[in-house]
Structures are given as C-alpha cells and as structure tokens.
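Okay, so here's the structure we're looking at.
The values are calculated or read from the model by the stated rules, or taken from the named source; none is laboratory data. From a predicted model like this one, the values you see are computed outputs, not experimental measurements. For neighbour counting, all protein chains shown are included, and Cβ atoms are generated from backbone atoms with ideal geometry for every residue, glycine included. SASA here: full protein model, heavy atoms, side chains in, ligands and nucleic acids out. Shrake-Rupley method; radii C 1.70, N 1.55, O 1.52, S 1.80 Å.
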Amino acid sequence: MSGKPKLTYFNGRGRMESIRWLLAAAGVEFEEDFLETREQYLKLIQDGHLLFDQVPLVEIDGMKMVQTKAILSYIAGKHNLYGKGLKERAFIDTYVEGTTDLMQMILTLPFSPPEAKKKNLPLIIEKAKNRYFPAYEKALKQHGQGFLVGNQLSWADVHLLEAILMVEEKEPTVLSEFPLLQGFKTRISNMPTIKKFLQPGSQRKPQPDDKYVATVMKILKEG
Amino acid sequence: MSGKVKLHYFNGRGRMETIRWLLAGAGVEFEEYFFETREELIKLQQSGVLLFQQVPLVEIDGMKMVQTRAILNYIAAKHNLYGKDLKERVLIDMYVEATMDLNDLIMRHPMQPPEGREKNLALIVDKATNRYFPAYEKVLKDHGQDYLVGNQFSRADVQVLETILMMEEMKPDILAKFPLLQGFKARISNIPTIKKFLQPGSQRKSKIEEKMVPQVMKIFYG
C-alpha cells in the first residue's frame, strides 16, 4: 500500500541524510525505522528486503529501494526537482556528484583511525575551499540566477545546501570568500520546506558521535 | 557544434571504461585523447575545462561533461537505454549503482600493496559471488526475461556484462553457480554493437598491467 515512505537506517546521518533532506525539501512526510542491533539487520537480509544486503532502504510507492543515488534520483524525478530536459538533468547530476564526493569525505571521517582523522580534516576543508565551492560560486556567477540549474529549485540546490552546512560545522568561516554561496545558503535555507527541516525537532539528524560510530560498526561488523 | 564525442583520459580502463562500454553499446562512435604524463593532466586542470579538476572529461553535444555518473546518465537517456519511466529507471539505477561499487573495488585492486592483494582478491570474489551476482541472477529468474529491466536492452545490461567480464578476468569460473547470468552473458555479448566492441582492435581497453600501475598513479597523484 502507498502511504508515507519508510526509511530504514541507523539513527544518524550517514548515507540516508541526503535522502531525508530531499524528501523534506519536496514536502514529503516520511517514517523511520532505526537499526539498533545486528539481529535486526540480519533479519532484514534474511527476509529478502535488501537487494544487495545494504542500507539505506527506502520503501516508497510499493518498491523496496536501495542504493542511495537510485533513491535520490527517483525522489527528484517524482517531485519535479530534476530539471526540465536532458541537459538540465546533466547539470544537476554533475553538481550532485561533486557535493556527493565532498560529503562522502566527511561522512567517512568518524570511521577512520584517529591519526587519519587529524590529517584528513584539513584536506577536506582545503578541497571544499579550492575545488568544490569555487565551482558552485562560479556557476551562480555565470547565470546570475538564484538556483543552480534552470532558474528553479532542484536536487542540486538541496544537496549543495546540505554540503555547505556540513562543512561549516567543521569550519564555520568556510564560505568567507564565496559571497554568492552565502546568499545562496540564506535563500535556500529560507524556503518553507527547508526552513522547517532546519528547525529543532525535525527529522534532520545531528553530527555523528562515538556512540553512533560504535553502533554502526557493531551492526555491520566491519573494521 | 555537435560532431564526434571526445573522451579525455589516460590510455586505460579506470573510470572511463564504463563510458566507453555504454557509448559502444549505443552504437556511438567516439574519439579519444590520452594523456600520458602528469604535466598533461595539470595542463588540462589549468585550462579551466574540468569543473572539479578531475577526469573523466567527455565532450558531447556542445558540453564538456565531467563526473562519470552524470556522463553515463546523459548517454543512457539520450540513447533510450534508461527504461521507459521512473520505475524502470530506478531499477536500472539500483542495478548499475551496485556494478559501480564492485567496479570500484576491481579498479583499486592493483593499487593494493603486494602483501594485501590475495586477501583483497578474496574479498572482491566474495562480494561478487555472495552479494552482487545472486541479486542479478534472482532478477533474471523472477521475470524470466532476456534483459534485466523492462524487457528491453538498457544500460543495466551493458554495465552488468562489463562487470561480469572483469570479474571473470580475476576468477574465470566466477559464474559457475549462476546459470542465468551465463546465458545473459552470452546473449548480451552477441548484440551487434557489443559484439563489435568485444573484438580485438576496438576501443575497449585491456586490464592494466601491474608494472604500469606506478606510472598511472604518478599521473593522477604525482
């Protein structure tokens, strides 16, 4: 039966967070099932719910979807956040891949050994400032519009805002040399659905802590 | 102006190979520019043409596209290899995302230090045999059709075939327990555009030779 999409994941950001952001931006209410034990995870596998034995899992429109990109593309396509036509979609895809790479670096940081963590954080900030943010600043400058693609809100804008806020948590001044991104951040944050998601009490998850990392490692029995 | 599609990469598989497969599968001719030194890559980065300073770079339809997935998505949609609606597209996406995960492991394997290589190979074989291939075998079994999605040829078929062949290079009997995938492999390999790509002399690249790995790493990482 239809009804609200149901998200199955750990009680934290990880790979599911971008999906939460996009559903929220699209104004779609969703339910969450949190994985807390390895037994729950193994049962999901045994019951055949996870195509590749992995989460995120999103049950939506009668389908059990896995693979973060597949899920995000579906939501974007369904809710008119994927541009109008192949070329706009190509731009959105390109921008989203960049923010995915950037957020991926931050996502994996808590799972790396302490020495690596110390070394990698400055590298991530450097990449944000020298590789990724300049590209988005330039995109906004070139067309002078309020949104990254096609003069309307798309997945690319939501994803970029998520990435900006994530990097700012690590380095609050990171946007200091990017005036257009500062304006972008304010503008997108003020869109009603996104503003709501940014309020306390929403389904947005906090930064990972040691307890979260331990839970994930225990459930996946990795590392 | 349109004109031929142009690929910029080093003369090897890497992240560009899936793009070569998809173009070939779609019957699209393409030209290739290979860089052989770090200096050439740096020159490309300095020219401002690489949005995130990275390759692959594909010049197509007046765009200078970067980011492998964006490029693959564009080619697939343009050439009717992306299903006929959102639901078919999401199935295709699920299947190809998994092939890209496995391809990534395969691509990084030669970069492992010698001591870790045997263990890494076992890990990759385990994932292919116990996670990925059973899923595709079941998909084919459940609908009994020739193609993975929507009873027609799509990028999912191309990308799964690519991954199967790369896994067979690592372990020749990898499909031993998957009779439907064996049939799938034979069938998709015989599609005219794919068959052509599988012949010697095509633009398909060979598996990287171990002795070439340091050179390639130097190009990308200095």
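Here the accessible area is traced with a 1.4 Å probe on the protein chains. For chain A, carbon and sulfur cover 53 percent of it. For the pair the stretch B:1-52 and the stretch B:152-222, the centres of their Cα atoms are 19 angstrom apart. Other residues lying with their Cβ under 9 Å from the Cβ of residue A:109 contribute a combined charge of +2, Lys and Arg counting +1, Asp and Glu -1.
With a 1.4 Å probe and all protein chains left in place, how much accessible area per residue does the stretch A:9-66 have, in Å²? Working shown, then result.
Numbers: 2340 Å² over 58 residues.
Accessible surface, normalised per residue, equals 40 Å².
In terms of accessible area, using a 1.4 Å probe and ignoring ligands and nucleic acids, A:18, A:176 rank largest first as A:176, A:18. Entry comment: accessible area of the stretch B:3-60 is 42 Å² per residue, from protein heavy atoms only and a probe of 1.4 Å.
Estimated at the nearest 10 Å², the accessible area of residue B:184 is 0 Å² with a 1.4 Å probe. Histogrammed with a bin width of 10 Å, the alpha carbon distances of the stretch B:86-190 distribute as 15, 49, 27, 8, 1 percent, first bin at zero. Here the stretch B:86-190 exposes an accessible surface that is 54 percent carbon and sulfur, computed with a 1.4 Å probe and the other protein chains kept in place.
What the Cα convex hull of chain B gives, in volume per residue, is 127 Å³. Between beta-carbons, use under 11 Å as the cut-off and find the net charge around residue A:3, counting Lys and Arg +1, Asp and Glu -1. Result for the local shell: -2.
Remark: accessible surface ordering of A:165, B:7, B:123 (largest first) is B:123, A:165, B:7, probe radius 1.4 Å.
Placing unit charges on each Cβ (+1 for Lys and Arg, -1 for Asp and Glu) gives the protein assembly as shown a dipole about its Cα centre, and among A:7, A:128, A:145 the Cα reaching farthest toward its positive end belongs to A:145. For the residues B:210, B:88, B:36, a GNM of chain B with alpha-carbon springs under 10 Å puts the largest fluctuation on B:210. On the beta carbon distance between residue A:171 and residue A:119, with R0 = 22 Å, the FRET formula returns roughly 0.90. The coefficient of translational diffusion for chain A, derived via Stokes-Einstein from the alpha carbon Kirkwood radius under 37 °C and 0.692 mPa s, stands at 179 µm²/s.
For residue A:109, put the label point 7 Å out on the Cα→Cβ axis and report which residues of the stretch A:1-41 keep their amide N under 15 Å from it. Within reach of a label on residue A:109, which here means backbone N under 15 Å from a point 7 Å along Cα→Cβ, the stretch A:1-41 contributes A:13-14.
Ignoring lysines fewer than eight residues from residue B:138 along the same chain, the ones with Cα atoms less than 17 angstrom from its Cα are A:64, B:127, B:177, B:185. Spin-label model, residue A:80/residue A:217: points 7 Å from Cα along the beta carbon direction are separated by 4.7 nm. Accessible surface for residue A:41 stands near 20 Å², nearest 10, in the context of the full protein assembly shown (1.4 Å probe). How high is the relative contact order of chain A, in percent, counting Cα pairs under 8 Å that sit 6 or more residues apart? This gives 27 percent for chain A.
Inter-part distance, the stretch A:1-80 to the stretch A:171-217, computed on C-alpha centroids, equals 20 Å.
Accessible surface area normalised per residue over the stretch A:86-190 is 44 Å², counting heavy atoms of protein chains with a 1.4 Å rolling probe. When the surface is traced with a 1.4 Å probe over the full set of protein chains, residue B:202 keeps roughly 40 Å² accessible.
Starting from the residue with the highest accessible area, list B:51, A:175 in decreasing order, probe 1.4 Å. Don't skip to the answer; put the middle values down first.
Values: B:51 60, A:175 10 Å².
Largest accessible area first, the list is B:51, A:175.
Which percent, nearest 5, of DSSP beta bridges in the protein assembly as shown are antiparallel?
60
Can you list the residues of the stretch A:96-138 that have at least 50 square angstrom less accessible area with all protein chains present than in their chain by itself, probe 1.4 Å? The answer is A:97, A:131 - residues whose exposure falls by at least 50 Å² when every protein chain is included. Summing both sides, the accessible surface hidden between A and B at a 1.4 Å probe radius is close to 2800 Å².
The modelled label-to-label distance between residue B:36 and residue B:121, using points 7 Å beyond Cα along the C-beta direction, is 3.1 nm.
You can think of it this way: the chain between residue B:85 and residue B:187 has 34.3 nm of extra reach, that is 0.36 nm per residue less the Cα-Cα gap.
Take the Cβ atoms of residue A:47 and residue B:152, set R0 to 30 Å, and the FRET efficiency comes out at 0.45.
Where in the stretch A:82-99 does the amide nitrogen come within less than 13 Å of the point 7 Å from the Cα of residue B:28, taken along Cα to Cβ? Under cut-off, by backbone N: A:86-87, A:90.
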